[in-house]
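Undergrad: Dumping the structure here so I can ask a few things about it.
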Amino acid sequence: MIRNSASAMAEALAKKEITSVELTQLHLDRIDAVDSQVHAFLHVDREGALSQAAAVDAKRAAGEKLGPLAGVPLALKDVMTQKGIPTTAGSKILEGWRPPYDSTVVSNLKANGIVILGKTNMDEFAMGSSTENSAYGTTHNPWDLDRIPGGSGGGSAASLAAFEAPLAIGTDTGGSIRQPAAVTGTVGVKPTYGGVSRYGLIAFSSSLDQAGPCARTVLDAALLHEAIAGYDKKDSTSINAPVPAVVAAAKKLDVKGLKIGVVKELSGDGYQAGVRSRFDEALQELVAAGAEIVEVSCPNFEYALAAYYLIAPSEASSNLARFDSMRYGIRVGDDGNAGAEEVMKITREVGFGKEVKRRIILGTYALSSGYYDAYYGSAQKVRTLIVQDFAKAFAQADVLVSPTCPTTAFKIGEKSDDPLAMYLNDIATIPVNMAGVGGMSLPVGLSPDDGLPVGFQIMSAAMKDDLMYQVGGTLEAALLSKWGAPILSQAPALATK
Ligand code: GLN
């Protein structure tokens, strides 16, 4: 049962072939069996999960109307507040903090009867691409435990690939849902900016942050998307418009007449040969399914990474000022004599990790008087050019595509001392965040170079999220009929367990 899709689990629950308590227990047992090796979870809420499950079972028994995923378990990225449950954002500075309120995403999950198993590991404050920046140890990729599961949401993606949870929540500021999905052979979606409320999401870069669904199939991601998306007056950037019909789109399994734009600048040099070849084969599947392939050029994407690493740290330097030892988390150096400023200084020195400090310093510098125009101001101009590139490209194609990342999962430790090499992972995912459009990654096979999963990225215009689900669902179905089994059934590290 735990290797099924969330939709299949939901069906079994609806038919009363299994109860939510049983299904939840199966996942808790799986976590007990494998998480010492994977380390996807920072906190497992056994009692809470079982009591949420029992409540859903009781409602079902009473004949109440339930959401389509009611009773299915989920893993929550530790950057999202859940009332009373430890929430650290992967940082030591928040150790022991239990939020007094639910994020809107969590309220929506609860309203849909989705059972929250626990909190997943991540790079500290979502800064990173490997989960190595977590203050609580690295998560391991279930395909090869010596490799990274991606980041920042490596814990969420690894929990899916290790069959510890069939659904997970991620957040994506520059690729943190899509890149972990790509390197773990799972599906991850960054919805249109403003599509999912950011209320209760611990902010990294507010103009880029977006929560979204992580799953093992496109339909499962769509079901979770509809459960969490929608207008929220508590988030001023939330879009007050109907949620795109992504579930219906994921079920269409038809791309006839759709134009798919291959972004020239996101698939050339710097991409591993094995990544390229699987990407090209996936394109052929879409052609066979009736889509038309066109090439589009987005010349300013070349500058997206540099601009992102000015805008995101600038916003982070401001957002992270709230961690001052007075209101949340740990306090260090308060001996009764030290002044507040001294205590803040010591706490931040001890509480933040190296990458977070690097970003705060970078952001503070980029925003400082005399440099503001040259750095932050220029980066914002580049952002406008990227928005214009997308607008032109979407005038020529219904969706845009590229490999999700330049390489498959790299070895733990391989890039941890080289920030620039780490940042380059995000070269294909960052433009999507800069423009606020939608992005999905789904697995398109194993690289012939190393046998590891390759991710295919589909981008859709703002509030046209349904189109990426339509194309993703069709591609997934075509590949499934070719492979005969879901990609995760081939994961060697899992087969032995
Ligand atoms: N890897 C990128 C970074 O380090 C993106 C992170 C994210 O999307 N949260 O900033």
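Undergrad: Only one of these is more than 16 Å from the ligand (Cβ to nearest atom) and in contact (Cβ under 8 Å) with a residue 40 or more places away in the chain: Ser238, Ser205. Name it.
TA: Ser238
Undergrad: Kindly establish whether Glu64 is in a loop (DSSP other than H, G, I, E, B) and over 22 Å from Ala158 (Cα atoms).
TA: When the stated conditions are applied, Glu64 passes them.
Undergrad: Exactly one condition in (1) surrounded by fewer than 24 Cβ atoms within 10 Å (Cβ to Cβ); (2) closer than 21 Å to Leu253 by Cα; (3) touching a Cys at 6+ places or on another chain (Cβ under 9 Å) is false for Ile427; which is it?
TA: Ile427 satisfies all of (1) surrounded by fewer than 24 Cβ atoms within 10 Å (Cβ to Cβ); (2) closer than 21 Å to Leu253 by Cα; (3) touching a Cys at 6+ places or on another chain (Cβ under 9 Å) except (2).
Undergrad: State whether one or more residues within segment 227-240 are of a type in the set (A, V, I, L, M, F, W, C) and more than 20 Å from Ala181 (Cβ to Cβ).
TA: Scanning segment 227-240, I find at least one residue that is of a type in the set (A, V, I, L, M, F, W, C) and more than 20 Å from Ala181 (Cβ to Cβ), so the answer is yes.
Undergrad: Among the residues of segment 313-349, which ones are among the small types (Gly, Ala, Ser) and either surrounded by 17 or more Cβ atoms within 10 Å (Cβ to Cβ) or under 24 Å from the mean Cα position of the chain (by Cα) (or both)?
TA: Of everything in segment 313-349, those that are among the small types (Gly, Ala, Ser) and either surrounded by 17 or more Cβ atoms within 10 Å (Cβ to Cβ) or under 24 Å from the mean Cα position of the chain (by Cα) (or both) turn out to be Ser314, Ala316, Ser317, Ser318, Ser325, Gly329.
Undergrad: Hey, among the residues in segment 350-398 that are surrounded by 20 or more Cβ atoms within 10 Å (Cβ to Cβ) and of a type in the set (Asp, Glu), which one's nearest to Glu315 (Cα to Cα)?
TA: Filtering first and then ranking leaves Asp389.
Undergrad: Right, next: If only one of Ala182, Ala168, Ala158 is within 20 Å of Met127 (Cβ to Cβ), part of a strand (DSSP E or B) and hydrophobic (A, V, I, L, M, F, W, C), which one is it?
TA: Within the list Ala182, Ala168, Ala158, the selection yields Ala168.
Undergrad: Being under 21 Å from Thr131 (Cα atoms), surrounded by 17 or more Cβ atoms within 10 Å (Cβ to Cβ) and not aliphatic (A, V, I, L, M) is the filter here, so list the residues in segment 83-112 that pass it.
TA: Pro86, Thr87, Thr88, Gly90, Ser91, Lys92, Trp97, listed by residue number.
Undergrad: Then there's this: Considering every residue within segment 148-162, establish whether at least one is under 16 Å from Pro213 (Cα atoms), touching an Asp or Glu at 6+ places or on another chain (Cβ under 6 Å) and modelled with pLDDT of 95 or more.
TA: Within segment 148-162 (the criterion being under 16 Å from Pro213 (Cα atoms), touching an Asp or Glu at 6+ places or on another chain (Cβ under 6 Å) and modelled with pLDDT of 95 or more), the answer is yes, since at least one residue qualifies.
Undergrad: If you don't mind, there's one more thing I want to ask. Within segment 34-47, count every residue that is surrounded by 14 or more Cβ atoms within 10 Å (Cβ to Cβ) and more than 24 Å from the chain's Cα centre (by Cα).
TA: Result for segment 34-47: 0.
The values are calculated or read from the model by the stated rules, or taken from the named source; none is laboratory data. In this text, all values refer to a predicted model and were calculated from it rather than measured experimentally. FYI the Cβ positions are ideal-geometry reconstructions off the backbone, even for glycines, and counts take in every protein chain you see.
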